[in-house]
Amino acid sequence: MKRIGMLTSGGDCQALNAAMRGVVKTLDHSKEEVEIYGFLDGYKGLIYGKFVMLTGKDFSGILTKGGTILGTSRTPFKTIQDPDANGLDKVAAMKQNYHKLQLDCLVILGGNGTHKTANLLREEGLNVVTLPKTIDNDLWGTDMTFGFQSAVDIATGAIDCIHTTAASHGRVFIVEVMGHKVGWLTLNAGMASGADIILLPEIPYDIDKVIAKIEERDKAGSRFTIIAVAEGAISKEDAALSKKEYKKKLEKKVYPSVSYEVAAAIQEKTGREVRVTVPGHMQRGGSPCPYDRVFASRLGAEAGKLILEEKYGFMVGLKNQEIVRVPLADVAGKLKMVEPDSTIVKEAKLLGISFGD
Ligand code: F6P
């Protein structure tokens with residue numbers, strides 16, 4: 001008999017349910033008797049002992065369902081060791097609930113912040129197995145996170161739609177893509193939709209270079225330009241500021257986001273009509289794409305195998321198309337960013353895409 005606690009933490013994404021289903025199907029298929037404690041709304045459920053008892057049936061029919069059947073919330077790592085509003089020690093509470101329920105392990109699905117807390121729980125002596133979710137694809141130790149490909153599909157679709165209207169009106173269009181502090185989603189959606197300019201957090205842009213690309217297109221007879229801007233994109237001037245100075249600048253909130261700042265600068269310097277579209281949380285919603293369904297199921301199967309083998313302290317991930325086990329201690333606290341001199345960036349440049357650098 002195995003007693004498993006399961007939770008999904010941080011921003012949701014597609015294929016969370018598919019991944020949990022993969023874990024449970026693998027355990028069920030092994031004929032091992034299991035009790036599943038589904039903690040509600042991420043770490044909050046574990047802290048405050050809020051859970052539901054689940055069986056294999058609860059995971060049936062959810063392969064294609066977006067969101068998470070367990071609910072999720074953000075429980076920032078930087079405050080996880082601080083007491084809550086009522087003075088409760090959150091880490092101690094999680095350990096207490098784990099031991100009270102006599103769990104054999106926790107199955108935790110999450111991104112960067114979630115993995116830092118998962119690793120802390122491992123260091124505190126709890127058995128933990130994790131699965132990498134996030135549309136940002138910024139988790140170290142895995143070539144891909146589930147949710148990413150589904151979000152690429154949606155962001156690509158949004159830019160595709162903008163393409164036709166931009167062409168009709170001869171406008172410059174900016175589409176702002178999610179991804180937090182990394183550019184994976186923007187880079188992939190931008191390339192997939194034929195964006196002319198892609199601005200990423202990892203490659204600070206020079207607005208004059210962005211304008212030069214628009215003018216180059218004008219001269220070549222292209223009436224419109226599509227710019228895919230990562231929500232975390234940053235100008236060369238801002239990248240040169242200290243953290244404190246940059247924070248101060250953002251606090252002034254002259255523009256709702258970097259895309260509006262880029263739009264205003266282009267408009268002012270060229271007199272061109274610029275429009276901004278922000279697909280936002282749409283990128284995290286809806287049904288997982290087929291790739292994510294397969295990928296999350298594979299990760300779930302390997303996580304289930306780890307539990308059956310009683311091997312804990314690992315994240316399951318993808319390396320060179322194979323599912324691998326990565327020590328949690330290696331994953332926690334590291335960000336996987338787009339390398340400015342990576343082959344994909346070089347290839348994009350060969351295609352004529354400008355990064356504004
Ligand atoms: O981490 C996933 C993500 O969607 C990021 O791309 C984005 O910056 C952030 O979450 C948005 O967070 P929230 O859902 O809390 O607004």
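Overview of results
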item	result
Flag if residue 66 is closer than 25 Å to residue 331 by Cα and either within 15 Å of the ligand (Cβ to nearest atom) or buried (at least 22 other Cβ atoms within 10 Å of the Cβ) (or both)	no
Qualifying positions in the stretch 28-70 - farther than 22 Å from residue 306 by Cβ and part of a loop (DSSP other than H, G, I, E, B)	40, 41, 48, 49, 50, 60, 61, 64, 65, 66, 67
Selection from the stretch 98-120 of residues that are among the charged types (D, E, K, R) and within 16 Å of the ligand (Cβ to nearest atom)	116
Residues located in the stretch 128-165, provided they are in contact with a helix residue (DSSP H, G or I) (Cβ under 6 Å, 6 or more places away or on another chain), assigned to a loop (DSSP other than H, G, I, E, B) and among the aliphatic types (A, V, I, L, M)	135
Whichever residue in the stretch 75-97 is surrounded by 13 or more Cβ atoms within 10 Å (Cβ to Cβ) and within 15 Å of the ligand (Cβ to nearest atom) and, among such residues, is farthest from residue 12 (Cα to Cα)	77
Filtered residue count, the stretch 204-252, keeping only those that are in a loop (DSSP other than H, G, I, E, B), closer than 23 Å to residue 186 by Cα and under 27 Å from the mean Cα position of the chain (by Cα)	7
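The rows are residues; the columns are (1) open to solvent by 10 Å² or more (accessible area, probe 1.4 Å); (2) within 16 Å of the ligand (Cβ to nearest atom).
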position: 176; (1), (2): yes, yes
position: 183; (1), (2): no, yes
position: 189; (1), (2): no, yes
position: 206; (1), (2): yes, no
position: 216; (1), (2): yes, no
position: 241; (1), (2): yes, no
position: 276; (1), (2): yes, no
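Here is a yes/no grid of residues against (1) within 15 Å of residue 337 (Cβ to Cβ); (2) away from the ligand (no atom under 16 Å from the Cβ); (3) acidic (Asp, Glu):
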site	(1), (2), (3)
125	no, yes, no
132	no, no, no
136	yes, no, yes
140	yes, no, no
144	yes, no, no
147	no, no, no
150	no, no, no
153	no, no, yes
162	no, yes, no
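The values are calculated or read from the model by the stated rules, or taken from the named source; none is laboratory data. Note that the structure is predicted; figures quoted are calculated from it, not measured. All Cβ positions, glycine included, derive from the backbone under ideal geometry; neighbour counts span all protein chains shown. The protein model used for the area step is the full one, side chains on, heavy atoms only, and it has no ligands, DNA or RNA in it. Shrake-Rupley method; radii C 1.70, N 1.55, O 1.52, S 1.80 Å.
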